[in-house]
Every structure is written in structure tokens, then in C-alpha cells.
Amino acid sequence: MYDTGTFIAGQSLIYKLDPRVKLAFTVTLSIFILWASPLPILFLGVILLLTALTNGITLRTVGQSVKPLLLFIILIFLAHALFASEVEGALFVSYLGISLGGIQGGFIAVWRFLCLIVAAVLLTMTTAPSRLVAAIKYFLHPLKFLRVPVDDIAVMITLALRMMPVLLLQKKKIEKAQMARGGELRRFGLWVRAKYFLSLVLGVLLGTFRRADELALAMEARAYARGERTSAVELKIRQVDYLAILLFCLMIIIFIALNLFLS
């Protein structure tokens, strides 16, 4: 089962790309997804989905990534469907009335959000955390001239990426422990479900603080000190990266032209 932010080893083309290239692609696509008109976004979403499928990312994996955000996605759709009129720029409170323009706006907003999720899954699933952190550190390197602690930021990002699967595992253990004690939430009302959810959150938080304390002690025992650090990750642009950059630039130019033509 795939957990959000987890790296899964593979041998496809996207795995072989330099992490700096993939990170730049993801940021550029995110900006374009939020800026472009609806029709280019629909085509781009299909391309992202096909790219995921051809690189071993199944629809089930995408669904598992979307599942924790399902409530948020529903709220986005309802906000557009209930409070947006067909007149562009006008807003009104509809008494259980849903306009066609609101439904279209909600669908486009949800589609943009799903495109961002698929792009993020492509990045995190096909890039090892150590290489991803090295890429982030590379782009943050100019901030050293402004006395920004880039190396400390890279360490914090590394710890966050390493802790995410651990926290998800902790959550699953607590849920299984609740079920073993008869905590079948479907049989209880809203108040009991809220109490179980609160106990789940408290358990995860307590486990997080305990593991953070253990990690701090382990780092102190290994004489960790702030400052510039070396890395075993070697970043090198190869021919396949240049080819990917060329194809990506052509795709962005085509989509920008399509967006300007349709606007």
C-alpha cells in the first residue's frame, strides 16, 4: 500500500532524471496549473495521468494519495457550486440552488487540485528523499549570501521526509489498536466518533514528540553540529536530462500558445 510521500524504487525513464530537473518541472507545472485556462488544464491533467501510468503509478496509488484530502476536495467543489454564479466575477449566496457555472467552476478547481496532487506524487514517488533534499539544497544555495542557514533547512526537510512514513505507520497502529478494543466507528454516533478521532490525534502527537526526543538524543550522541555539511548524493546533468528539458519546454510553449488562443 502506498503512503503519501513514500519513495518506491523503479527503473523507468522518470526515475533516471536528475532530481533538480524533476523539481523544476514540478514547480513550473504547478504555476501553470494555477494560471492557465480550463481547457489546457484538462489536456495537461490527462498527460500527467498518462505519465504516471506509464511509470508504474497505478490509479489505485493516485486514489490512495487523494483519499486523505477527499473532504477538502468536496468542500472546494461545494464552495464553487453553491456560491458562484454564472456571471463571471459575481458572487451570491444560493439557497440550495446550484448554477451551471458553479458546477463548471467547481469541477475545474477540483481538477486543478488533482493535477497538483498527481504532479507531487510523480515527484515524491520517483525521487529518493536524499536526492530530493540535495536538489532543494542546490536551489536554496544562493540564499547563503543572505545568511540563510541552507544546510539546516536541508536537514529539517530530510527529517520531515523521514518522519512522514513513521507517523503514518503510528496512525495505522493506533487505529488497529482501537479496532481490537471494539472501536468499530460505524456502530456509534457522531460524538463517539469525535472522541475516537481526538484520541487518535493525541496518540499520534504523543508518538511524534517521543520519536522527536529520541531522534534529538541520537543526533546529540553522534556529535551533530549545525553548519555546512557534505552529502553522498552526486548530482549530474546527463543527456537524458537535456532531452527531457527540451521536450518539457516544447510542451509548455504549446500549452501557453493554446491558452492564449483560447483566452
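Computed extension length for Ser12-Phe83: 21.2 nm, one decimal, from 0.36 nm per residue of separation with the Cα-Cα distance subtracted.
In order along the stretch 168-181, the phi-based Karplus estimate (6.51 cos²θ - 1.76 cosθ + 1.60, θ = phi - 60°) of 3J(HN,Hα) comes to 5, 5, 4, 4, 5, 5, 5, 4, 5, 5, 5, 5, 5, 9 Hz; Gly and Pro are listed as x. Listed by chain and number, the lysines placed with their C-alpha closer than 22 angstrom to that of Lys173 are Lys67, Lys195; residues fewer than eight positions away on the same chain are left out. Backbone geometry of the stretch 152-163 corresponds, through the Karplus equation with coefficients 6.51, -1.76 and 1.60 at θ = phi - 60°, to 3J(HN,Hα) couplings of 5, 5, 4, 5, 5, 5, 4, 5, 5, 5, 6, 7 Hz, x marking Gly and Pro.
Order the peptides 33-43, 232-242 from the highest to the lowest mean number of other Cβ atoms within 10 Å of their residues.
33-43, 232-242
On a straight-distance basis, which lysines could pair with Lys137 in a cross-link, Cα separation under 23 angstrom, same-chain partners fewer than 8 positions away excluded? The qualifying lysines are Lys16, Lys22, Lys236. For the stretch 97-166, list log₁₀ I(q)/I(0) at each q in 0.12, 0.16 Å⁻¹, using the Debye formula over Cα point scatterers of equal strength and ignoring solvent, two decimals each. These q points yield log10 I(q)/I(0) values of -0.53, -0.71. Reported to the nearest whole Å, the Cα centre-to-centre distance from the stretch 214-228 to the stretch 27-60 is 40.
All of the numbers you see were taken from the coordinates with simple rules; none came from a lab. Quick caveat, the model's predicted, so the values are computed rather than measured. Counting neighbours? That spans all protein chains shown, and the Cβs are built from the backbone with ideal geometry, glycine included.
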